[in-house]
Ligand SMILES: C[S@@+](CC[C@H](N)C(=O)[O-])C[C@H]1O[C@@H](n2cnc3c(N)ncnc32)[C@H](O)[C@@H]1O
């Protein structure tokens, strides 16, 4: 039996984010909040002319998934399916390693990092529906959900899943499915808070032609995000 590590998130936090009770229509402040632009979205300009869908591993509240789907639509890519994969229940106990202990973090704080989101899946689906976005939310452990999208190819992969084991699982499954010129963007690469992510990426790409390259975030000079651009097949 799985160990339950996480406490239910408070009603107040949930309401503050979605501005409404489940079952009610989505409020405009929620829509505006979700559609705001995020610096990493400029990377999507590089996808022009590429085939394939889009996947995010690590959705949590959807603060990157929903704006990303909106930005794809703005770029004439509304036909691409945007898959959002998350347990919505944090990490598996067995997946947490000493190598994931970043600055000021103990195993206990790592275990408590995410709280169970009892209604997040239905609320995210509702927000995506209201906005008419081509989003498919897939709740569950990556090891269970990734096999369901292995018939797809991807032009963009956003990894925002914090720990070594999750990065490894996602890279092993998704890298072969990325089209040449497609992009894998890492939220936590070189973050002192999540050293396991950096370790997993460096290890995975050590025998590959691609290496992580920085992309400047204009709002946080000196704190770039990193991505790899899939090399053309030889
Ligand atoms: C940093 S949060 C994602 C934040 C989100 N992209 C945003 O901008 O709001 C990381 C998420 O990854 C999920 N996660 C990490 N490892 C996972 C795994 N092996 N399977 C499923 N979900 C996982 C956690 O449940 C958590 O919600």
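The values are calculated or read from the model by the stated rules, or taken from the named source; none is laboratory data. Remember, predicted model here, so these are calculated numbers, not experimental data. Positions of Cβ are backbone-derived with ideal geometry, glycine not excepted, and every protein chain shown enters the neighbour counts.
Things to note:
- Residues of the range 129-183 that are part of a helix (DSSP H, G or I), away from the ligand (no atom under 14 Å from the Cβ) and over 22 Å from residue 201 (Cβ atoms): 129, 130, 131.
- Cross-chain or 6+ apart pairs with Cβ under 6 Å, the range 145-165 first and more than 18 Å from residue 59 (Cβ to Cβ), then part of a loop (DSSP other than H, G, I, E, B) and at pLDDT 95 or above: 153/52; 155/50; 155/52
- Residue in the range 184-201 that is surrounded by the most Cβ atoms within 10 Å (Cβ to Cβ), counting only those that are more than 14 Å from the ligand (Cβ to nearest atom) and under 21 Å from residue 98 (Cβ atoms): 201
- Residue list for the range 115-128, restricted to those being touching a helix residue (DSSP H, G or I) at 6+ places or on another chain (Cβ under 9 Å), within 15 Å of the ligand (Cβ to nearest atom) and over 26 Å from residue 178 (Cα atoms): 115, 117, 118, 119, 120, 123, 127
- Pairs meeting the criteria (first residue in the range 176-189 and in contact (Cβ under 8 Å) with a residue 60 or more places away in the chain, second residue within 16 Å of the ligand (Cβ to nearest atom) and in a strand (DSSP E or B), beta carbons under 6 Å, at least 6 apart or on different chains) are 183/156; 183/227; 185/158; 185/227.
- Scanning the range 45-100 for residues that are more than 12 Å from the ligand (Cβ to nearest atom), in contact with a strand residue (DSSP E or B) (Cβ under 9 Å, 6 or more places away or on another chain) and in a helix (DSSP H, G or I) yields 46, 47, 69, 72.
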